[in-house]
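Beneath this line is the structure, given in structure tokens, with notes to follow.
What follows is calculated from the coordinates using simple rules that are stated; it is not laboratory data. These figures come from a predicted structure and were not determined experimentally. Because the Cβ atoms are built from the backbone with ideal geometry, glycine has one as well, and the counts that use them run over all protein chains shown.
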């Protein structure tokens, strides 16, 4: 059995990120790294971290009865979500035995869909909230994760990445609505739907000088 990590509650992490996306005093920036394409490697399961797997009710309803039976209700922020304490198991039960990938995809829990790509955090370089993507870079005894990011080389590849991002952000909007957050996520989705080939950071809320940083 794996030991419980220090921060095992992924639902709380998602809620903390949503709180940062509320329209308050800090500007919010969508970095161009969000449009990079993630390439997984066969046999890699580094994203399958030791955290809870969580669904809000409308997401749970989309799963099969057999999958739903694995999840138990609990209260978070006075709302009911459905959880599997995956870190208590020897490994994630939804990781495919052959090859690589999640058997629940594209309906994997929201925290799994965000890892390792999506990060939402305060950034002192812009004195605001940054939404960005990066590869899983934490080293272990095995070395570094083999996943890679690259700038889309063709319009079709960019379109696929945009569509994947839009689905993810619409799910995050469902979470925000369920927990009563008024966020800038609709503007993030609008930018994803209307920005053809971003090369600079897009300001989605507040502040001044909405252009920041080059895509590298």
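For the pair residue 75 and residue 19, the difference between a 0.36 nm per residue extended length and the Cα-Cα distance amounts to 18.4 nm. When 118, 185 are sorted by how many other C-beta atoms sit within 10 angstrom of their C-beta, beginning with the fewest, the order is 118, 185. In this simple spin-label model, placing a label point 7 Å from the Cα along the Cα-to-Cβ direction at both residue 164 and residue 97 gives a separation of 2.7 nm. Against the empirical curve 2.2 N^0.38 Å, the C-alpha radius of gyration of segment 11-109 lands at a ratio of 1.27.
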